[in-house]
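Peer 1: Handing you a structure now.
The values are calculated or read from the model by the stated rules, or taken from the named source; none is laboratory data. Bear in mind the structure is a predicted one, so any value in this text is a computation, not a measurement. Cβ coordinates were reconstructed from backbone atoms using ideal geometry, including for glycine residues, and neighbour counts include every protein chain displayed.
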Amino acid sequence: MQKNAVIFNGPEKPFSLRAFPILPPAAGQAGLTLVSSGICGTDVHIHEGFLGIPDMPLILGHEFIGKIDALGDSKAMDGLGNPLAVGDTAIACVAIPCGKCFNCRRGETASCLSFGVTYVKSVEEPPHFHGGYGEYLFSPLQNLVRLPETVNPMAAAAFPCGGPTVIRAFEYGGGTHEGELVVVQGNGSVGLFALAWAKAHGCQVAVIGSAANAERLKLTQTLQPDRFFDFRKTAPDELRKAIAEMAVELGRGDGADTVIETSGSPQAFPLGLSLLRTRGRYLVPGQYSDRGPVSIEPHLITFRALQVIGSGQYTMQDLKTYVDFLAAHPELQPIFAQMLSKYSLKEADKAFADAKAGKTIKAVFC
Ligand SMILES: [Zn+2]
Ligand SMILES: [Zn+2]
């Protein structure tokens, strides 16, 4: 039997489709058939040439959800110790923390100093299906998180990377606290998850986002932000005033408790810094590629005793927290499932073009 995969041939080059035979999984591995495989901002950056990747034909994709087709071990367990059986659905994480470096030894595996990635292997190397953009994937068992029956895989497909990314940023920042005033900068997929997460934790949430795409705006509204500001139409001074007023009304000082930057725009940073209350925290998981410098007002950090917290990865535990969050919030699952724009593998060029143009919230192959 043969199945197809989408081959990445280098920055800005068209993708191609290739078929490979399905081999039995090696010990410690599982073979999964495609349920959904998302295009992340990172993949778009790779395709644009902003993130270096070794020069060889390979299969991108780190948001794969699949059905277990074959197991390399008779008693298989996922990365969190749950038993795995053929027919189960699982999310495959691609990160391989080294386990040995200074940060890994301290338990901070999300900030491993020498991360490996499962998909950075030539497609010529058996069993070929190393990355998520294929009808099949081979994944190390320790990189899988089983989905319970109560979680719709297509709901999980909305934020398999953005979700745990937000969860880790809040975790590094000290947790998510009920009653906080949270400002989310950006209403792309990471921002929408941050909105859903903060609302579900009993926070007041203001979103500063784009109203240019009517469908995106509608989906933002379904997650019920307390306030929405169109960043194109609201001046920074107006925003500062509105956020400070919200804080005063809540009796929580002179600005937001938490601002989370998900837009990826460098210009968002000085604004976000200025929206915080004294002792507020700025979570910055969204600046994923180097889009140049901006000038900031460092005196704000000193005199307002601000905390600025970066976070660029997540752990298997964060993926588990994401899955548990979905299971605990069945009301969010149909909303999340609605966020998908679905493509076949043959439509890879169009899917990437649409994702780049901001036409989709979450483009997935399925
Ligand atoms: Zn490490
Ligand atoms: Zn990602």
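Peer 1: Mind checking whether some residue in the range 152-175 is in contact with a Cys (Cβ under 6 Å, 6 or more places away or on another chain) and buried (at least 21 other Cβ atoms within 10 Å of the Cβ)?
Peer 2: yes
Peer 1: Enumerate the pairs (first residue in the range 86-101 and free of Cβ contacts under 8 Å to residues at least 40 places away in the same chain and assigned to a loop (DSSP other than H, G, I, E, B); second residue anywhere and surrounded by 16 or more Cβ atoms within 10 Å (Cβ to Cβ) and basic (Lys, Arg)) with beta-carbon separation below 6 Å, excluding pairs fewer than 6 apart on the same chain, so at least 6 apart or on different chains.
Peer 2: none
Peer 1: Here is a follow-up. Taking only the range 71-85 into account, find how many residues are in a loop (DSSP other than H, G, I, E, B) and not small (Gly, Ala, Ser).
Peer 2: Total meeting the criteria: 6.
Peer 1: Against the definition (outside the structural domain of residue 245 (by TED's automatic domain parsing), on the phi < 0 side of the Ramachandran plot and surrounded by 14 or more Cβ atoms within 10 Å (Cβ to Cβ)), how does residue 268 come out, yes or no?
Peer 2: no
Peer 1: Please pick out the residue among 14, 54 that is within 13 Å of residue 130 (Cβ to Cβ) and more than 16 Å from ligand 1 (Cβ to nearest atom).
Peer 2: Sole residue among the options that is within 13 Å of residue 130 (Cβ to Cβ) and more than 16 Å from ligand 1 (Cβ to nearest atom): 54.
One line per residue, one yes/no per condition, for (1) more than 10 Å from ligand 1 (Cβ to nearest atom); (2) surrounded by fewer than 17 Cβ atoms within 10 Å (Cβ to Cβ); (3) not in a loop (DSSP other than H, G, I, E, B):
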position: 113; (1), (2), (3): no, yes, no
position: 128; (1), (2), (3): yes, no, no
position: 138; (1), (2), (3): yes, no, yes
position: 148; (1), (2), (3): yes, yes, no
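Peer 1: Take the residues in the range 90-111 that are at pLDDT 95 or above and in contact with a Pro (Cβ under 6 Å, 6 or more places away or on another chain), then tell me which one is surrounded by the most Cβ atoms within 10 Å (Cβ to Cβ).
Peer 2: For the range 90-111, the residue satisfying everything is 91.
Peer 1: Looking only at the range 29-70, count every residue that is in a strand (DSSP E or B), within 16 Å of ligand 2 (Cβ to nearest atom) and under 11 Å from residue 137 (Cβ atoms) and tell me the total.
Peer 2: Here the count works out to 3.
Peer 1: Looking only at the range 305-321, count every residue that is β-branched (Val, Ile, Thr) and either part of a strand (DSSP E or B) or out of contact with any Asp or Glu (no Cβ under 9 Å at 6 or more places or on another chain) (or both) and tell me the total.
Peer 2: 2
Peer 1: Out of all the residues in the range 319-342, which are buried (at least 22 other Cβ atoms within 10 Å of the Cβ) and touching a Cys at 6+ places or on another chain (Cβ under 9 Å)?
Peer 2: The one that is buried (at least 22 other Cβ atoms within 10 Å of the Cβ) and touching a Cys at 6+ places or on another chain (Cβ under 9 Å): 319.
Residues are listed down the side, and each one gets a yes or a no for (1) of a type in the set (Val, Ile, Thr); (2) assigned to a helix (DSSP H, G or I); (3) closer than 18 Å to residue 304 by Cα:
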| site | (1), (2), (3) |
| --- | --- |
| 221 | no, yes, no |
| 234 | yes, no, no |
| 238 | no, yes, no |
| 244 | no, yes, yes |
| 249 | no, yes, no |
| 260 | yes, no, yes |
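Peer 1: So how many residues does the range 83-102 have that are in contact with a helix residue (DSSP H, G or I) (Cβ under 8 Å, 6 or more places away or on another chain) and within 16 Å of ligand 1 (Cβ to nearest atom)?
Peer 2: Total meeting the criteria: 7.
Peer 1: Being on the phi > 0 side of the Ramachandran plot, outside the structural domain of residue 338 (by TED's automatic domain parsing), under 23 Å from the mean Cα position of the chain (by Cα) and among the polar types (S, T, N, Q), is that true of even one residue in the range 247-259?
Peer 2: Looking for residues that are on the phi > 0 side of the Ramachandran plot, outside the structural domain of residue 338 (by TED's automatic domain parsing), under 23 Å from the mean Cα position of the chain (by Cα) and among the polar types (S, T, N, Q), one finds none in the range 247-259, hence no.
Peer 1: Please indicate, with yes or no, whether at least one residue in the range 44-60 is modelled with pLDDT of 95 or more and surrounded by fewer than 17 Cβ atoms within 10 Å (Cβ to Cβ).
Peer 2: No, because not a single residue in the range 44-60 is modelled with pLDDT of 95 or more and surrounded by fewer than 17 Cβ atoms within 10 Å (Cβ to Cβ).
Peer 1: In this structure, is residue 105 under 16 Å from the mean Cα position of the chain (by Cα) and of a type in the set (D, E, K, R)?
Peer 2: No: the conditions fail for residue 105.
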